[in-house]
Each structure stands twice: as structure tokens, then as C-alpha cells.
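Below: the structure, in C-alpha cells.
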Amino acid sequence: MEQYVREFVEYLNQEKHSSPNTIASYKRDLLKLCGFLEQNGVTEVSQVTETNLNSYILSMETAGLSPSSISRAIASMRAFFAFLDRKRYVEQDPALHLKAPRITKNCPQVLSTEEMELLLAQPDPNYVKELRDKAMLELLYATGIRVSELIALKVSDVNLEMGYLVTVNRERERVIPIESIAKKALQNYMEKARPKLAKDGEDSLFTNCQGKPMTRQGFWKILKCYATRAGIEKDITPHMIRHSFAVHLVENGADLRSVQEMLGHSDIATTQIYMKDNHHRIKEVYDMAHQRKTTTGEKE
């Protein structure tokens, strides 16, 4: 059965041009499904039924997987069996009527502005490595880009003179402004630290101490180190900084469309989650801005 997963992965790569993270996620989910099916005596894709797939979903629920993890697995199954159906490898699509669990979207955990400032203050400018770390942290918080986008940046993607960077995700290009503090940190890094870290000919903006491109795992360790140094007890992640960027923008009056564009969300409904804990702010803005007052002594 795994040969069909390999063929599907090849299709995602060659024809759909899906991102490496998406492909890895589909492959991981489908190999787990194959393992479950084979343990239950189903060894051919033509034998798979909707009952088999619902049994797998039930096993995930019993194991305590989150609704979002189960929904992702169901999405993988739907895409996989739709592919098999188009290829005529199955007589009918057993995943066609699968239902994903209802997901309650909660506002993601974020750092407060005080915690964020504390984190950003940790790198010591007297060390080459920490000049780099300062630039990465400031840029991540100033732009809200994903960590995968951060480590994929090339030197040519940044225009310091005009104060913006260009990032491409899923074939969508975004131009994002860089505020002055992040711009200064990036300029210091490029002038004082990058020439000492990057190997000749390396075009990645951020490199490790061996002069090779920075990795997700490498940045994760850097972030954890500074969070510990700052005394932040939250289980901090790179994505938490992205969430903090969005929440802090909304709290300070940024409109959702602008935040959506900067984050690269295709659907504004995804961005609206950052409004959930900000209703008091909306009420304050309304009370201050609306021209018709109802307080005693004021004209209506």
C-alpha cells in the first residue's frame, strides 16, 4: 500500500508543487493510516472501505488526538483517495463522506508586550552570533513571517534602503515593511556579523556558525535559549512570536485586512481569530470615534 503513498507524494511534488512541509505532513499521516489498515488485515487500497477509515478516526479519538490533528489526518485521507479514484486504483472513493470533527478556534497563546521586549533585549551586541540572533528575533516580531520564511530569506530579498523584505510562500509573494528597530538590527548584522559567519558565495540571509543556512531546529534552540535567559516560563515557539505580532497589531488599532496581507492568510476568517480577545478595544474605539453621543448634556 505504501507504493501508492509514494506515488501520491510524487504527484504533490511534481504536479501540485506543494510545499515541503505540506508534503511531509501528508506522507506522515498516510503512512500512519497504512500501518493501521495493515494491522487490521487491509493490505490493498482496493479493499479500503469507509468503515475502515471511520474505525481509524475512532482510534485517533480514543488515543486522545486533538480535533485539529484528526481533521488534518482526514484532509490527508480525502486528498489521497481522491487521487487514487482519479487514477482508477479504487472503484469508489471511500473517503468522500468522511466528516471532520468540529474545531473550536481559540485565540493562540501569545507573549505580552513586556515579555516580547524582554526577549528582544537578551542578545548581547558584543558577540557576532548574538548580533545575528538579535536580527532574527527583531525581524520575526517586526514582520510576523513564519520561521520557514525567515530561514529561507536570501540577501536579495531584503531592501534596507527602502525598509522592506519580500517573501514567497506557496507561490504567493508578499512585500512586508520593516520597522526602524528591526531595520537597525538587520543592518548591524549584515555589516558586522554576517561577513564573519557566512561562507563565500552563500546567499542565505541567516547562517549558522559553520556558515551554512540556518535551520528550523537551529532557530528553535536559539529562541529557547533566550526565553530561558529572559525568565519567560511560557513554552515559547517561533509561531508564538508570529501570533504576538498579529495580536499586538490588532490591539493597537491595525485593520484586519492589513494584518491578513502581512501574515499571508488567504482567508480573512483565519485572521479574525486575533479579534476574539479584543472586543473591549473595539468598544473603546467606537465610544471615542462615533459622532452621536448619548451621554447626558451632549447633543444627539
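The values are calculated or read from the model by the stated rules, or taken from the named source; none is laboratory data. Worth saying up front: this structure is predicted, and the values here are computed from it rather than measured. Note that each Cβ is placed from the backbone with ideal geometry, even for glycine, and that neighbours are counted across all protein chains shown. Keep in mind that these areas ignore ligands, DNA and RNA; they rest on the heavy atoms of the full protein, side chains included. Shrake-Rupley method; radii C 1.70, N 1.55, O 1.52, S 1.80 Å.
For Phe36, what accessible area in Å² do you get when you roll a 1.4 Å probe over the heavy atoms of the protein chains, rounding to the nearest 10?
40
Give the value in nm², to one decimal: projected area of the alpha carbon convex hull of the range 72-215, averaged over all directions. Walk me through the intermediate numbers first.
Values: hull surface 51.1 nm².
The orientation-averaged projected area of the Cα hull of the range 72-215 comes to 12.8 nm².
May I ask you to compute the full-extension gain from Ser25 to Glu117, defined as 0.36 nm times their residue separation minus their alpha-carbon distance, rounded to one decimal in nm? Please list the in-between numbers first.
Details: separation 92, 0.36 × 92 = 33.12 nm, distance 3.37 nm.
Answer, rounded to one decimal: 29.8 nm.
Could you pull the Cα extents of the range 13-68 along its three principal axes, largest to smallest, in whole Å?
For the range 13-68, the Cα extents along the three principal axes come out at 32, 29, 16 Å.
Counting only other residues whose beta carbon sits under 15 Å from that of Val128, what net charge do I get with K and R as +1, D and E as -1?
Details: positive: Lys129, Arg132, Lys134, Lys192, Arg194, Lys196, Lys199; negative: Asp124, Glu130, Asp133, Glu191.
In short, +3.
Hey, rough spin-label estimate for Ile181 and Glu7, points 7 angstrom out along Cα→Cβ, what's it come to in nanometres?
Roughly 5.5 nm, to one decimal.
Could you state, as a whole-number percent, how many of the C-alpha pairs of the range 1-43 are farther apart than 12 Å? Mind showing how you got there, number by number?
On the way: 525 of 903 pairs.
Roughly 58 percent, rounded to a whole number.
Starting from the Cα of Lys234, step 7 Å along the direction of its Cβ; do the same at Asp157; then give the gap between the two resulting points in nm.
2.5
In the structure displayed, which of Lys154/Lys221; Lys184/Lys212; Lys32/Lys87; Lys27/Lys199 lie more than 32 Å apart, Cα to Cα? Present the calculation step by step, with values, prior to reporting the outcome.
Details: Lys154/Lys221 21 Å; Lys184/Lys212 24 Å; Lys32/Lys87 22 Å; Lys27/Lys199 34 Å.
Distance filter (> 32 Å) returns Lys27/Lys199.
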